[in-house]
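The values are calculated or read from the model by the stated rules, or taken from the named source; none is laboratory data. Remember, predicted model here, so these are calculated numbers, not experimental data. Cβ sites come from the backbone with ideal geometry, for glycine too, and all protein chains shown count toward neighbours. In case anyone asks, the SASA skips ligands and DNA or RNA and just uses the protein heavy atoms, side chains included. Shrake-Rupley method; radii C 1.70, N 1.55, O 1.52, S 1.80 Å.
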Amino acid sequence: MIIFRSIRLGTESPDWKFISLILISFPMRFDCWRFSGKRVEFVQLHEEIAMICKMKTFTAACLATMMAFGMANTVLAAGGSSGPAVKYAKQGQIGEVITNPYRIAPLTAIIRSGGYKLDNVKVRIVPKQNGSEIAYKVDRSEVLTHGGIPVFGLYPDYVNTVEVSYTRIDALGAKKDISETYKIYAPPVYTEGNGSVSQKSTMFDTEVVKMSEEFKDRLYLVNNLLVSPPKGSRVIWNNPAGGALEWCFYPQNAIIDASGEVRWYLMADPIYDMQSIYKGGVMMGFQQGKDGALTWGYGQRYVKYDIMGREIFNRVLPQGYADFSHSLDQAQNGNFLIRVASNDVKRADDRNVRSVRDLIVELSPDGRVLDEWRLWEILDPYRDIVIKSLDQGAVCLNIDASQAGKTLSAEDLANMDKTDNFGDITGVGVGRNWAHVNSVDYDPTDDSIIISSRHQSAIIKIGRDKEVKWILGAPDGWKDKWASKVLQPVDKDGKKIKCEAGTCENSSFDWTWTQHTAFRIDSKSDGRYVWLTAFDNGDGRGFEQPALAEMKYSRAVVYKVDQEKGTVEQVWEWGKEAGHAWYSPVTSLTQYEADKDSIMVYSATPQMELVGGKAVGAPSPYLQEFKWGATEPSVEIRINGSMGYQAMPFRVEQAFSHEKAK
């Protein structure tokens with residue numbers, strides 16, 4: 001090993017640019033180098049270089065020879081192992097700005113730390129004129145996770161003004177409080193085209209009809225769909241047959257502010273491919289957890305990402321299950337309750353089939369299967385009183401508008417069960433869509449689940465022992481085993497209300513019909529009383545189709561269940577007064593929001609336009625929020641020309657500051 005030296009005469013420190021040039025030119029030729037006083041020592045194994053360069057000062061000949069040796073294995077570039085020649089454009093006093101850092105959230109960015117420690121971080125996106133402000137604190141864990149300051153809520157196709165403040169801490173521990181402004185352009189929203197006449201733009205259009213002052217800080221996550229894209233729905237399951245693999249819509253998920261502006265959207269393509277069995281499907285079941293991150297599922301996957309787009313996990317369903325849709329609940333016990341289907345069931349007639357939307361699986365945080373609820377073994381898969389009354393042109397999922405107004409008879413159902421027609425079709429028996437469970441919620445007081453079964457028009461509580469605890473639904477059509485579990489309706493004074501044939505006498509009480517989202521109100525419920533919200537879609541109300549389609553209506557409703565007495569009281573409803581214009585035959589949500597003591601309502605498919613059996617126009621959902629007990633909404637936003645599924649508040653502070661979650 002040879003050591004040769006260079007001393008820069010007439011200076012107190014070496015010429016770092018000169019040293020950098022040497023190291024960039026032949027980084028693989030030096031084993032190491034160091035600076036000591038006025039001397040830079042380069043340790044080199046090649047005696048050929050040392051023979052020329054063994055002198056007090058580098059010469060041109062020395063440099064030329066060293067570069068010649070270095071060029072044999074090194075490509076000159078702007079930077080290298082030494083780094084100083086790499087220059088990024090920086091706007092402020094820390095690092096560079098990286099937009100869309102994780103590829104799936106284009107309206108986000110990270111301002112890199114620049115190598116400093118950062119503390120007391122705050123971010124504000126300056127709103128457009130008359131727009132909505134997004135401002136939030138960022139805790140230390142988020143700064144460390146993202147390597148800088150996470151920026152959320154940029155306006156698309158706009159040069160955003162972003163104000164940040166922070167304490168910068170250098171290598172010697174010196175602290176400096178800094179407030180500065182960045183200019184960050186975010187590109188326009190991108191959405192896949194589906195080739196239909198109903199699609200009019202890249203993202204849905206919004207109209208803010210009403211926004212009360214108390215709700216102007218709201219952000220709403222909108223989970224919508226682009227229906228029937230020709231790229232998808234090309235394959236079905238085999239060995240065994242059945243299931244719902246063909247159900248595959250392109251996602252249209254965004255967060256809007258109180259002014260109706262898109263401030264975040266999911267660029268799905270890096271994680272989604274509708275032409276792939278295991279990467280396609282319908283993105284549904286969004287939920288923001290206590291840690292601020294989002295969970296949801298699609299097709300054969302369930303996933304968790306933070307709002308910046310960072311993957312926490314993206315998993316294929318366990319081997320025994322398939323066809324996620326509708327609901328993924330982050331239970332209070334730390335596990336995930338997911339509505340799936342079985343990929344192989346042996347029927348009583350000895351045929352093997354895939355089930356359809358009738359199985360709940362409980363998964364641990366690391367993805368192990370802990371338990372399952374096989375609903376065809378817990379309930380009666382041949383109860384057909386509801387299915388016979390459904391409008392076959394509005395059966396959720398595989399909507400066939402050519403069957404609008406038509407119903408099925410008992411003979412139709414019996415004949416179907418003799419055939420090999422299995423899959424996502426309305427029918428009875430395992431292997432067909434007899435239950436259509438669209439939500440599952442956990443009750444920690446007795447370790448049970450509450451499900452919404454659309455095709456039974458019933459909200460049902462089931463224990464860990466797989467026994468039915470109670471049924472909130474019309475008593476008609478239940479066999480003895482289940483009839484005794486049906487809750488008795490009462491008025492506010494506890495007086496029984498007489499109900500039969502799907503209707504109740506002298507009362508505004510009503511059951512839910514083909515409902516969605518039966519959610520427990522955790523903050524109001526306890527071991528005896530369960531407060532519930534539900535969206536009563538209203539198809540087949542009273543087990544019949546009305547004389548005119550325009551007579552149909554939907555409701556948002558709140559119930560109070562007394563589990564000791566086996567009774568149910570209807571506490572609040574809204575929707576009758578809005579009439580058929582507010583009627584959503586499928587999808588939708590009603591959910592309590594504790595932070596504002598309010599009821600969030602999303603009527604997701606009103607005014608669905610069907611002509612000649614074909615969908616030629618997308619619905620225009622209503623996003624509303626009501627103060628508890630109110631008869632008029634405090635918030636109303638119309639989302640025009642979009643097939644809705646669900647919508648809910650998104651809490652930005654929860655996403656970037658986790659102290660409260662601990």
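Could you please give the count of residues in the range 310-336 that are outside any strand (DSSP E or B) and either surrounded by 21 or more Cβ atoms within 10 Å (Cβ to Cβ) or free of Cβ contacts under 8 Å to residues at least 60 places away in the same chain (or both)? Don't jump to the end; show me each part of the working.
The initial filter retains those residues of the range 310-336 that are outside any strand (DSSP E or B), namely 310, 317-320, 323, 325-327, 331-335.
The next check asks that each one be either surrounded by 21 or more Cβ atoms within 10 Å (Cβ to Cβ) or free of Cβ contacts under 8 Å to residues at least 60 places away in the same chain (or both); those that pass are 317-320, 323, 325-327, 334-335.
So the answer is 10.
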Somewhere in the range 177-188, is a residue within 20 Å of the chain's Cα centre (by Cα) and either hydrophobic (A, V, I, L, M, F, W, C) or within 27 Å of Tyr278 (Cα to Cα) (or both)?
-> no
Where residues in the range 489-517 are exposed (fewer than 14 other Cβ atoms within 10 Å of the Cβ) and among the acidic types (Asp, Glu), which of them is farthest from Gln570 (Cα to Cα)?
-> Glu500
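Given the residues Val557, Val571, which is the only one that is modelled with pLDDT of 95 or more and surrounded by 19 or more Cβ atoms within 10 Å (Cβ to Cβ)? Steps first, answer last, please.
Details: Val571 fails: surrounded by 19 or more Cβ atoms within 10 Å (Cβ to Cβ).
One residue alone meets the criteria, Val557.
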Checklist (1) modelled with pLDDT under 95; (2) surrounded by fewer than 20 Cβ atoms within 10 Å (Cβ to Cβ) applied to Met274, failing item | (2)
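Output the strands (runs of 3 or more DSSP E) that fall wholly within the range 221-307 and possess 2 or more residues being of a type in the set (Val, Ile, Thr), or say none. Walk me through it before giving the result.
On the way: elements: 250-257, 262-265, 284-288, 294-298, 301-305.
Qualifying strands (runs of 3 or more DSSP E): 250-257.
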What are the residues in the range 550-595 that are among the polar types (S, T, N, Q), within 25 Å of His326 (Cα to Cα) and either part of a strand (DSSP E or B) or over 29 Å from the mean Cα position of the chain (by Cα) (or both), if any?
-> Thr590, Gln591
What tally of residues in the range 596-629 results from selecting those that are crowded, with 23+ Cβ neighbours inside 10 Å, at pLDDT below 95 and part of a strand (DSSP E or B)?
-> 0
Test Leu413 against the criterion of being more than 15 Å from Leu328 (Cα to Cα), outside any loop (DSSP other than H, G, I, E, B) and out of contact with any Cys (no Cβ under 9 Å at 6 or more places or on another chain), and give yes or no.
-> yes
(1) modelled with pLDDT under 90; (2) in contact with a Phe, Trp or Tyr (Cβ under 6 Å, 6 or more places away or on another chain): which one isn't true of Pro381, the others all being true?
-> (1)
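Out of everything in the range 407-457 that is within 12 Å of Ile387 (Cα to Cα), open to solvent by less than 30 Å² (accessible area, probe 1.4 Å) and small (Gly, Ala, Ser), what residue ends up being nearest to the chain's Cα centre (by Cα)? Steps first, answer last, please.
The initial filter retains those residues of the range 407-457 that are within 12 Å of Ile387 (Cα to Cα), namely 407-410, 412-413, 425-429, 432-436, 453-457.
From what's left, open to solvent by less than 30 Å² (accessible area, probe 1.4 Å): 413, 426-429, 432-436, 453-457.
Subsequent filtering for residues that are small (Gly, Ala, Ser) retains 427, 429, 435, 453, 457.
On the way: Gly427: 30, Gly429: 31, Ala435: 24, Ser453: 22, Ser457: 26 Å.
If we take residues in the range 407-457 being within 12 Å of Ile387 (Cα to Cα), open to solvent by less than 30 Å² (accessible area, probe 1.4 Å) and small (Gly, Ala, Ser), then Ser453 is nearest to the chain's Cα centre (by Cα).
It is to be established whether one or more residues within the range 237-246 are more than 15 Å from the chain's Cα centre (by Cα), closer than 16 Å to Met643 by Cβ and without any contact (Cβ under 8 Å) to a residue 60 or more places away in the chain. Write out each step before concluding.
Going residue by residue through the range 237-246, those that are more than 15 Å from the chain's Cα centre (by Cα) are 237-246.
Now drop any that are not closer than 16 Å to Met643 by Cβ, which leaves none.
No, the range 237-246 contains no residue that is more than 15 Å from the chain's Cα centre (by Cα), closer than 16 Å to Met643 by Cβ and without any contact (Cβ under 8 Å) to a residue 60 or more places away in the chain.
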For Gln287, state whether it is within 17 Å of Pro365 (Cβ to Cβ) and surrounded by 14 or more Cβ atoms within 10 Å (Cβ to Cβ).
-> yes
